[in-house]
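Peer 1: The structure that follows is given in the form of structure tokens.
The values are calculated or read from the model by the stated rules, or taken from the named source; none is laboratory data. Owing to the predicted nature of the structure, the values given are computational and were not obtained by experimental measurement. Cβ placement follows ideal geometry from the backbone for every residue including glycine, while neighbour counts extend to all protein chains displayed. Each accessible area value is taken on the protein alone, full model and side chains, heavy atoms only, with ligands, DNA and RNA left out. Shrake-Rupley method; radii C 1.70, N 1.55, O 1.52, S 1.80 Å.
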Amino acid sequence: GKKRAHVPALPRARLAAARAQVKEAKEQKAQAARELARFSRLSKEARSELELERAASGARLAEARVAVLKAQVAQVAAELAQHRVVAPFAGVVSKRLVDPGDWLKRGQQALALVSSDALEILVDVAPGLLRFVSTGDKATVAVAAGGTISATVKGVVGALDPVARTARVRL
């Protein structure tokens, strides 16, 4: 199934409640419109001006209530959108700097991302492993935050690092 982003339950519930109130208000608006239409069709002898005025006022109030509740739905939806963190590019989370549910300030870093599109990974390996690695080989890199990245060996540097005594493989 589709993986859903973590969004706190309270904002989701508030949005569902606001949408339900709009639905209820629309039904009340429709009922008020039907009552106004009925009163309007009656002859002047069968209805009073006060009844007609009350029915018209009820229809206008119901319409206004729908508009107010739709605005509340938009407000709650905007608040809910503030609970989503969106990355500026496709990638893999390499480090989490906050926990799900934490409040963030605008611009605060929440995650460290590694681009999964055009990425160069340098790996230092023991020199004895170089005989098993060739340019063009496929590799899999485990990411600290979980998951893996598929890669291709683009180059092998045969010279050893003088301090670490390792060779570098470029993925």
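Peer 1: How many angstrom lie between the Cα centre of segment 6-69 and the Cα centre of segment 78-113?
Peer 2: 40 Å
Peer 1: Can you work out the Karplus-derived ³J(HN,Hα) for every residue in segment 107-113? Use 6.51 cos²θ - 1.76 cosθ + 1.60 with θ = phi - 60°, whole Hz, and x for glycine or proline.
Peer 2: x, 6, 6, 9, 9, 9, 10
Peer 1: By how many nm would the segment from Ala77 to Glu63 grow when fully extended, if each residue of separation counts as 0.36 nm and the alpha-carbon distance is taken off?
Peer 2: Roughly 2.9 nm would be gained on extension.
Peer 1: Can you compute the modelled spin-label distance between Leu104 and Arg38, with each label point 7 Å from Cα toward Cβ, in nm?
Peer 2: Modelled inter-label distance: 5.4 nm.
Peer 1: State the label only: which of [x] 2.04; [y] 1.20; [z] 1.07 corresponds to Cα Rg over 2.2 N^0.38 Å computed from the shown model?
Peer 2: The calculated read-out lines up with [x].
Peer 1: So, one more: Considering only protein heavy atoms, what per residue accessible area in square angstrom results for the chain with a 1.4 angstrom probe?
Peer 2: Result: 74 Å² per residue.
Peer 1: Could you name the aspartates and glutamates in cross-link range of Lys26, using Cα to Cα under 12 Å and dropping any fewer than eight places away on the same chain?
Peer 2: Glu63
Peer 1: Continuing with this model, one more query. About the Cα centre of the chain, what is the dipole size in debye to 20, counting +1 per Lys and Arg Cβ and -1 per Asp and Glu Cβ, all else neutral?
Peer 2: For the chain, the charge dipole is close to 320 debye.
Peer 1: Run the numbers for Val157 and Lys138: contour at 0.36 nm per residue of separation, minus the present Cα-Cα distance, in nm.
Peer 2: 5.2 nm
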